[in-house]
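The values are calculated or read from the model by the stated rules, or taken from the named source; none is laboratory data. Computed from a prediction, not measured in an experiment: that's the story for all the values here. No Cβ is skipped: glycine too gets one built from the backbone with ideal geometry, and neighbour counts run over all protein chains shown.
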Amino acid sequence: MADRWGALINGFDLDVETLQDSFEKAIAVYEYPFADGADTEDLGLKARRIKIRCYFLEENYAKHVDFLKDLARRDLAELTHPKYGIIKGRVETVAVSHDDRQQTAEIDISFVEERQKTTAPKKYADVQGAVEESFVTGQTNLMDSYAGDVVTALGPEAYTILNTDLDPDLGILEQFGNVSRKARTYLKSVESWTGTLVEDLAEVSNPANSLTSLITYPDNLAGRVIGSLARTVERYVLARDTMRLAPARFLDSLRLGFAGVTEAAAGYDEPTVSTEVSLANPARVAAAQRMSVEAGTIFAEDEQRRQELRRVEKAKSFDTLGNYLAPDPAPKVMTVQELERSLAMTRISLQDAIDQTRATDNPAADRTIAGLKSMAQDLQEHVGEIKLERDRIVPVSLDNPLPLHLVCLRHGLSYRYADRLQAINNIKHPNFTDGEVLIYA
């Protein structure tokens, strides 16, 4: 016997009778010559169909016209079923029979359920790859920008100097014999500076698979200067590699180290050559580019740890018999405050480089500025997306001492957050937590 029940379709309150509710499997059948039987494979469910009959009687008779008009729309329909809940799909067939004299209408509907979408894990843009790509392009732009600085400093004579191939085993000045006194003064300052760069942190070796090894620096003045600068900045990063466990502190240390490189470059400026050109400008840009690369690497590694943290927190600590399973320890991830601080330091460095580069009278500097802006945008967008899902830290006050696990449960957190809370609070006695405690909201 068919069921009679009340239902809703797209907001229309209906008196409905179920005629048929069925589903069919998609079975692939493989038959072979001279072999009895067949192999079968279950390919899943075909479309589910629900056939219902709607009644419009007496005072509701006139409503069936509006209902039919609504069914003619091409949008997804919504069926509220008393047993299955809300089902989204489309009306495949409609058959109407009505009697004006008795003010009765019956509408038979075949409703096809829409396939339920599987929610895939959200994928974030590859911030590390994007920033590294901008870095490689930015090094080429920085060489062009530096070449423009040389032209500004020396005039037409600079084109001959920039197009000369240099022997890497010889000094810069000795490879230019017939140049003006102004050019010799400038080249002497540049040679002295690059010599200092080579000796700076000479005990730290640049790895063969480093990022700078992917870039081909030409054997000319711009290639030697920018290449030496990039490798020096890289050595500053390698010397502080052990500080990566504290990302904000690591970036702050890099900022201070790079500031020293920029200040040292300013000491080799030759004011008698040009008051508009400074060796500190390329140093400032190279530092900002490298700092952006390290920030992108930190953000990418932190996102990997966060994915691992999700897996660990979902793992069971005990089996059905009560045996402890010793799950993997939860990795430490950056808080919102650490993300914002790291981003702020990097963007300040980028903005300073952009402002100083824009102040120079060098048309080639526009591409360098565009590259720096691209780095800033990639980092900003990544942190903006991550902050929407990242746990926030808020202070709460405890009226009396409580175990740390109970503090987690009281504020809707899994007991696995206890280790994370202890880390951000430096709690000495987890069984007697009291006073103001920082928790993840």
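Side notes on the structure shown:
- The set of residues from segment 375-401 being surrounded by 17 or more Cβ atoms within 10 Å (Cβ to Cβ) and closer than 30 Å to ASN281 by Cβ comprises MET375, ALA376, ASP378, LEU379, HIS382, VAL383.
- The condition (being in contact (Cβ under 8 Å) with a residue 40 or more places away in the chain and either of a type outside the set (Phe, Trp, Tyr) or loosely packed, with under 15 Cβ neighbours inside 10 Å (or both)) is satisfied by just one residue among LEU339, LEU325, LEU321: LEU339.
- Of the candidates LYS69, LYS88, the single residue that is assigned by TED's automatic domain parsing to the domain that holds ASP108, surrounded by 10 or more Cβ atoms within 10 Å (Cβ to Cβ) and not small (Gly, Ala, Ser) is LYS88.
- Candidates THR104, THR216, THR194, THR185, filtered to the one that is outside the structural domain of LEU379 (by TED's automatic domain parsing) and of a type in the set (Val, Ile, Thr): THR104
- If you go through segment 42-60 and keep only what is surrounded by 10 or more Cβ atoms within 10 Å (Cβ to Cβ) and either over 24 Å from GLU78 (Cβ atoms) or of a type in the set (A, V, I, L, M) (or both), you end up with LEU43, LEU45, ALA47, ILE50, ILE52, LEU57.
- Strands (runs of 3 or more DSSP E) (entirely within segment 20-108) containing at least 1 residues that are within 18 Å of ALA7 (Cα to Cα) and at pLDDT below 90: 49-57, 77-81, 85-99
- Against the conditions (1) modelled with pLDDT of 90 or more; (2) touching a Lys or Arg at 6+ places or on another chain (Cβ under 7 Å), ALA248 satisfies every one except (1).
- Residues of segment 400-432 classified as polar (S, T, N, Q) and without any contact (Cβ under 8 Å) to a residue 24 or more places away in the chain, total: 3
- If you go through segment 21-55 and keep only what is more than 15 Å from GLY89 (Cβ to Cβ), of a type outside the set (Ser, Thr, Tyr) and within 49 Å of the chain's Cα centre (by Cα), you end up with GLU24, LYS25, ALA26, ILE27, ALA28, VAL29, ASP39, GLU41, ASP42, LEU43, GLY44.
- Of all the listed residues (THR194, THR160), the sole one being buried (at least 17 other Cβ atoms within 10 Å of the Cβ) and of a type outside the set (Gly, Ala, Ser) is THR194.
- Counted residues, segment 358-373 - those being surrounded by 14 or more Cβ atoms within 10 Å (Cβ to Cβ) and touching an Asp or Glu at 6+ places or on another chain (Cβ under 9 Å): 6
- Leading residue by the ranking (farthest from the chain's Cα centre (by Cα)) among those in segment 161-187 that are closer than 18 Å to VAL151 by Cβ and among the hydrophobic types (A, V, I, L, M, F, W, C): VAL179
- Annotation note: of ALA287, ALA330, ALA326, the sole residue that is assigned to a helix (DSSP H, G or I), out of contact with any strand residue (DSSP E or B) (no Cβ under 8 Å at 6 or more places or on another chain) and in the same structural domain as ALA246 (by TED's automatic domain parsing) is ALA287.
- Any hit, segment 205-223, residues being surrounded by fewer than 19 Cβ atoms within 10 Å (Cβ to Cβ), under 23 Å from GLY267 (Cβ atoms) and not acidic (Asp, Glu): no
A quick yes/no check of all residues on (1) under 28 Å from the mean Cα position of the chain (by Cα); (2) in a strand (DSSP E or B); (3) over 19 Å from VAL336 (Cα atoms); (4) modelled with pLDDT of 85 or more:
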position: ILE386; (1), (2), (3), (4): yes, no, no, no
position: SER397; (1), (2), (3), (4): no, yes, yes, yes
position: ASN400; (1), (2), (3), (4): no, yes, yes, yes
position: ALA418; (1), (2), (3), (4): yes, no, no, no
position: ALA423; (1), (2), (3), (4): yes, no, no, no
position: ASN431; (1), (2), (3), (4): no, no, yes, yes
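- In the set (1) closer than 30 Å to MET334 by Cβ; (2) surrounded by 15 or more Cβ atoms within 10 Å (Cβ to Cβ); (3) hydroxyl-bearing (Ser, Thr, Tyr), THR242 fails one condition alone, (2).
- Inside segment 210-235, residues that are among the acidic types (Asp, Glu) and out of contact with any Ser or Thr (no Cβ under 6 Å at 6 or more places or on another chain) make up a count of 1.
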